[in-house]
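Here's the structure we're looking at; comments come further down.
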Number of protein chains: 2
Amino acid sequence: MFNSILVPFDGSNGAEQALQKAVNLSIICGNVPLTLLTVYRHHSVLEGSFAVVRPDETDSLEDVMRSHAKAVAEQGKLSAVEAGCTNIRALIKSGPTARTIVAVAQEHACDLIVIGSRGLGSLEGYLLGSVSHKVTSLADCPVLVV
Amino acid sequence: MFNSILVPFDGSNGAEQALQKAVNLSIICGNVPLTLLTVYRHHSVLEGSFAVVRPDETDSLEDVMRSHAKAVAEQGKLSAVEAGCTNIRALIKSGPTARTIVAVAQEHACDLIVIGSRGLGSLEGYLLGSVSHKVTSLADCPVLVV
């Protein structure tokens, strides 16, 4: 009934619960591909919150965030494999969270997004209710809010 | 993976799409019970929008709304049966839409609510985005927004 499932993952408890549901759905639908996505924000030096960062430090800041996101995504992938998932890939992307999730779902022709209703994500706390609400509003496929 | 599914139904296209997904999920999970719920609002004569209704007409107004809700629920049930569902019951309830949906889900120990993201329901237009958002916020079980 679903052919390709996207699960945003930020390492929070809410994201972990969503991941378990996504794994079960992938299996029950015939081991359809599960795409795990960890989004991190690219911070411009023009952003107020980073005004203290010197321009020549932004590259390393981006590197730190990217490598943290990669670790979170790998942790999620491992958790999915342990839960019996055999058809999973993990992606990391930078950008505005909800819009990036919806864009990746379209890009990969996902017909279901499974997302935690809230969480205290280690990256951006992005699985707050506001993000899941934004994703349900923007997505053109069904969204399972766990 | 789900043991009991609730699908609010107001007769709109969005509700019909949600119903089809709910039927498929019920079947794929092993013909688990599907509860179709049509909510209508009880209008008090004290409500401004009904100020033109004479007090002695409110009973018949309630009757009209109830019987309309019943017809909508029966139409949904028929549609589910035609889609292959063999384990369905249809309920009608009056009350505030999102809260009534969440209360019925709890009452019937549903572990999934499947709801249209928006629709122009024939009763109250209740499958507007605001209702699905409210349900995802209030529910203590996963919500699939179709």
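The values are calculated or read from the model by the stated rules, or taken from the named source; none is laboratory data. In this text the structure is predicted, and so the values were computed from the model without any measurement. Cβ atoms come from the backbone with ideal geometry, glycine included; neighbour counts cover every protein chain shown.
B:GLY48 meets all of the listed conditions (1) modelled with pLDDT under 95; (2) more than 15 Å from the chain's Cα centre (by Cα); (3) within 18 Å of B:GLU107 (Cβ to Cβ) but one, namely (3).
Within the range A:60-98, can you find the residues that are at pLDDT 95 or above and among the basic types (Lys, Arg)? Passing the criteria: A:LYS70, A:LYS77, A:ARG89, A:LYS93. Just to be sure, is B:ARG66 out of contact with any strand residue (DSSP E or B) (no Cβ under 7 Å at 6 or more places or on another chain) and not in a strand (DSSP E or B)? So B:ARG66 does not fit the description; no. Can you tell me which residue within the range A:19-31, out of those that are in contact (Cβ under 8 Å) with a residue 40 or more places away in the chain and within 14 Å of A:PRO142 (Cβ to Cβ), is farthest from the other protein chains (Cβ to nearest Cβ)? Across the range A:19-31, the extreme among qualifying residues is A:ALA22.
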